[in-house]
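Colleague: Following this message is one structure expressed as structure tokens.
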């Protein structure tokens, strides 16, 4: 059945297994300013079998054009986030996905962060004092701050304006869904972009440690499925769309 | 980022690292379960010293490298470090209101969240809620310091000052001096200097108060007058 898309709606889609994180995540989502004539919905998927199946469930249960797939331990601190992603999508209709941190090149070993990073400042939380006395209440992003194209984006926040199925056949856990979905968007001809963030738009409260227990299994599947694109940039990959 | 002689070297190194993680996985999960049981027992019986039995798991990194791959185990280590200082300086421990592993982890997370609200200062209401929570738990300066150093925080000026403002009625004068001294070492803005000088005057340490006040680059008339009267006193 064909669903009518609501062009004036945002849906946040979260897979969750922890109410403490979820409530704090809601605290920040509820502080976001919603543009006039737009509405915002929050969909939480409890005890999903995998990130991809949870996201597919969320995707099919909303009519929102703009979907924000995010982790329960991500807190959006840019209160104008919805305005900002809207302005980026309106810039170019071929932009299908926006990330907060990304990589213009797919690294040869499949490990995202072995490639040059763009977007969210990797120094955040590293004791650099880079944002000391920053005024988060007054901060506004402007398109003139810039966007940059990416091949892959980090899964902590993935914003889409088009619906493509998440690969829940191959991905049965919580790893690599971001890299697979990025490739999916690029190979469907969409641009993936990352805004320049003069102040951080979010905090990812993962304890400054990434869980790596199942990572290698999916890294190998990724390297096999996307072997021709390893070491390639977003522009090389989009040529194959 | 590391540099590699060849692509093959990069691929081999990644493979070696992942093989190690795979090999450690089940052992690490079992150990983590045992640690939780030990913490349940110690907190249930208020036997805080016995918690230090867990320290070797963290402080012998060659024997237990798998702990680097878990935020939970990292947080247990942080809690042990906090407790060490709290017992040494005879403070009510941060974990003393918790009866088991899950309640201390919940308290730890809520403390991070509240501190972050103070750091970001996005709304007065959010800050007031944060202050209410933080003053309801035994948040020592050691807990506040370890959490701020080991979790995601960046805006230390805001965090330290706003936290100081909310904890001021609950911390001792020496705690307050210690906290502001840490802040002063990072950022010496005027509010901090004035507060430190005032605290030192409260404990009659006029020479330290004078020392801090003279660090103000362009003192107002009132401050200049205070500096000169302190100078006379000394």
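The values are calculated or read from the model by the stated rules, or taken from the named source; none is laboratory data. Everything quoted here is computed from the prediction, not taken from an experiment. Please note: Cβ atoms are built from the backbone with ideal geometry, for glycine as well, and neighbour counts cover all protein chains shown.
Colleague: Quick check on the range A:121-176: of everything there that is buried (at least 21 other Cβ atoms within 10 Å of the Cβ) and within 14 Å of another protein chain (Cβ to nearest Cβ), which residue is modelled with the lowest pLDDT?
Modeller: Restricting to residues being buried (at least 21 other Cβ atoms within 10 Å of the Cβ) and within 14 Å of another protein chain (Cβ to nearest Cβ), the top hit is A:131.
Colleague: While we're looking at this one, here's another question. Would you mind stating whether residue A:84 is within 14 Å of chain B (Cβ to nearest Cβ) and within 16 Å of the chain's Cα centre (by Cα)?
Modeller: no
Colleague: Another one. Can you find even one residue in the range B:180-187 that is farther than 16 Å from residue B:163 by Cβ and surrounded by 14 or more Cβ atoms within 10 Å (Cβ to Cβ)?
Modeller: No; the residues of the range B:180-187 include none that is farther than 16 Å from residue B:163 by Cβ and surrounded by 14 or more Cβ atoms within 10 Å (Cβ to Cβ).
Colleague: A follow-up question, please. Looking only at the range A:201-234, which residues are in a loop (DSSP other than H, G, I, E, B), within 18 Å of the chain's Cα centre (by Cα) and modelled with pLDDT of 90 or more?
Modeller: Once the filter is applied, which keeps residues that are in a loop (DSSP other than H, G, I, E, B), within 18 Å of the chain's Cα centre (by Cα) and modelled with pLDDT of 90 or more, the range A:201-234 yields only A:201.
Colleague: Looking at the range A:7-25 only, could you name the residues that are more than 17 Å from the chain's Cα centre (by Cα), more than 11 Å from every other protein chain (Cβ to nearest Cβ) and either over 17 Å from residue A:85 (Cα atoms) or modelled with pLDDT under 95 (or both)?
Modeller: Listed by number, the residues that qualify are A:17, A:22.
Colleague: Please state which one of A:44, A:52, A:4 is within 15 Å of the chain's Cα centre (by Cα) and either in a helix (DSSP H, G or I) or surrounded by fewer than 19 Cβ atoms within 10 Å (Cβ to Cβ) (or both).
Modeller: A:52
Colleague: Same structure again: If you scan the range B:93-106, which residues turn out to be over 13 Å from the mean Cα position of the chain (by Cα), surrounded by 20 or more Cβ atoms within 10 Å (Cβ to Cβ) and assigned to a helix (DSSP H, G or I)?
Modeller: B:95, B:101, B:104
Colleague: Does residue B:138 satisfy the criteria of being in a loop (DSSP other than H, G, I, E, B) and either touching a residue at least 60 places away in the same chain (Cβ under 8 Å) or surrounded by 15 or more Cβ atoms within 10 Å (Cβ to Cβ) (or both)?
Modeller: yes
Colleague: Please state which one of B:86, B:90 is in a loop (DSSP other than H, G, I, E, B) and farther than 22 Å from residue A:18 by Cβ.
Modeller: The unique qualifying residue is B:90.
Colleague: Evaluate the range B:109-117: report whether one residue or more is crowded, with 21+ Cβ neighbours inside 10 Å and more than 17 Å from residue A:25 (Cα to Cα).
Modeller: no
Colleague: Something else now. Can we say residue A:226 is in contact with a helix residue (DSSP H, G or I) (Cβ under 9 Å, 6 or more places away or on another chain), closer than 22 Å to residue B:11 by Cα and either within 13 Å of chain B (Cβ to nearest Cβ) or in contact (Cβ under 8 Å) with a residue 60 or more places away in the chain (or both)?
Modeller: Yes, satisfied.
Colleague: Related question: Is it true that some residue in the range B:146-164 is on the phi < 0 side of the Ramachandran plot, within 10 Å of chain A (Cβ to nearest Cβ) and touching a strand residue (DSSP E or B) at 6+ places or on another chain (Cβ under 6 Å)?
Modeller: There is at least one residue in the range B:146-164 that is on the phi < 0 side of the Ramachandran plot, within 10 Å of chain A (Cβ to nearest Cβ) and touching a strand residue (DSSP E or B) at 6+ places or on another chain (Cβ under 6 Å).
Colleague: Now for a separate question. Name the residues in the range A:180-203 that are under 30 Å from residue B:149 (Cα atoms), more than 14 Å from chain B (Cβ to nearest Cβ) and crowded, with 17+ Cβ neighbours inside 10 Å, would you?
Modeller: Hits for the range A:180-203 are A:194, A:195.
Colleague: How many residues are surrounded by 14 or more Cβ atoms within 10 Å (Cβ to Cβ) and more than 10 Å from every other protein chain (Cβ to nearest Cβ) if we restrict to the range B:6-42?
Modeller: 9
Colleague: Residue under question is residue B:170, and the condition is that it be within 25 Å of residue B:117 (Cα to Cα), within 14 Å of chain A (Cβ to nearest Cβ) and in a loop (DSSP other than H, G, I, E, B); does it hold?
Modeller: Considered against the rule, which asks whether it is within 25 Å of residue B:117 (Cα to Cα), within 14 Å of chain A (Cβ to nearest Cβ) and in a loop (DSSP other than H, G, I, E, B), residue B:170 comes out as no.
Colleague: Just to be sure before I move on: is residue A:89 within 15 Å of the chain's Cα centre (by Cα), farther than 26 Å from residue B:6 by Cα, modelled with pLDDT of 95 or more and more than 12 Å from every other protein chain (Cβ to nearest Cβ) in the structure I sent?
Modeller: Yes.
Colleague: So residue A:206 passes all but one of these: (1) crowded, with 20+ Cβ neighbours inside 10 Å; (2) in contact with a helix residue (DSSP H, G or I) (Cβ under 8 Å, 6 or more places away or on another chain); (3) within 13 Å of chain B (Cβ to nearest Cβ). Which condition number does it fail?
Modeller: So residue A:206 meets the others, but not (1).
Colleague: Does the range B:37-48 include one or more residues that are closer than 15 Å to residue B:78 by Cα and without any contact (Cβ under 8 Å) to a residue 24 or more places away in the chain?
Modeller: No, every residue in the range B:37-48 fails to be closer than 15 Å to residue B:78 by Cα and without any contact (Cβ under 8 Å) to a residue 24 or more places away in the chain.
Colleague: Please verify whether residue B:90 is more than 14 Å from chain A (Cβ to nearest Cβ) and either touching a strand residue (DSSP E or B) at 6+ places or on another chain (Cβ under 7 Å) or at pLDDT below 95 (or both), treating the condition exactly as stated.
Modeller: Answer is no for this residue.
Colleague: State which residue is farthest from the chain's Cα centre (by Cα) when the search covers only the range B:141-156 and only residues that are part of a helix (DSSP H, G or I) and without any contact (Cβ under 8 Å) to a residue 60 or more places away in the chain.
Modeller: Selected residue: B:156.
Colleague: Being under 17 Å from the mean Cα position of the chain (by Cα) and within 30 Å of residue B:45 (Cα to Cα) narrows it down to one residue among B:163, B:183, B:118, B:109; which is it?
Modeller: B:109
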